[in-house]
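Single-structure report; data block below.
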């Protein structure tokens with residue numbers, strides 16, 4: 001079965017199951033891996049509980065914590081906050097290639113990006129599973145994702161929750177806007193309300 005069919009089946013399964021977030025990944029040997037690497041994270045990330053679906057976690061302590069990162073994009077090119085310095089609103093979406101809800105919401109995130117990028121809106125997708133890089137590339141290509149997709153690292157870890165997808169909003173200067181990490185996949189219309197609210201402020 002080719003990847004396109006796999007992605008289609010995965011998205012369909014997500015829609016049928018109603019899942020909105022992933023917690024842990026288990027490989028074929030049965031070993032549990034953390035959903036998102038916490039390397040380099042600090043007390044700014046709240047430890048999430050088992051009822052993570054649509055849970056909102058505190059990702060804003062201390063208040064001075066800002067988006068300041070340098071990493072590489074999905075193709076290995078350097079990418080950091082300097083590359084989005086002209087943005088008015090930055091949405092960082094933490095996802096993983098093995099997470100059904102993450103992949104399921106990506107087409108709607110892409111539509112959101114297309115609809116609001118001319119107003120200074122940027123999405124940055126970040127994932128930590130470096131072993132799944134080729135799968136991530138295939139998903140991004142298959143879904144025609146044009147917003148930046150980067151490798152997560154210790155610069156971004158303070159904003160993770162331990163669950164994916166997790167989303168955090170920043171203003172153009174890298175300041176946290178909501179002060180909360182939003183856990184779980186959302187529909188286009190839910191995200192659109194958030195984007196419109198922040199662009200209006």
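Taking the Cα atoms of the stretch 155-201, the ratio Rg/Rh between the radius of gyration and the Kirkwood radius comes to 0.97. In the stretch 54-201, the DSSP beta bridges split such that about 65 percent are antiparallel, to the nearest 5. Cβ crowding within 10 Å ranks 166, 71 as 71, 166, fewest other Cβ atoms first. Using Cα centres only, tell me the gap between the stretch 81-103 and the stretch 167-201 in whole Å. Cα centres, the stretch 81-103 to the stretch 167-201: 11 Å. Computed packing ranks the peptides 144-152, 87-95 as 87-95, 144-152, most packed first, by mean other Cβ atoms within 10 Å. The equivalent ellipsoid of the stretch 85-201 has semi-axes of 21, 16, 13 Å, largest first, where each one is the square root of 5 times an eigenvalue of the Cα gyration tensor. For the stretch 59-141, what proportion of DSSP beta bridges, expressed in % and rounded to the nearest 5, is antiparallel? Here the share of antiparallel DSSP bridges comes out near 35 percent.
Every number here is computed from the coordinates shown, using simple stated rules; none is lab data. In this text the structure is predicted, and so the values were computed from the model without any measurement. Using ideal geometry, Cβ is built from the backbone for each residue, glycine included, and neighbour counts are taken over all protein chains shown.
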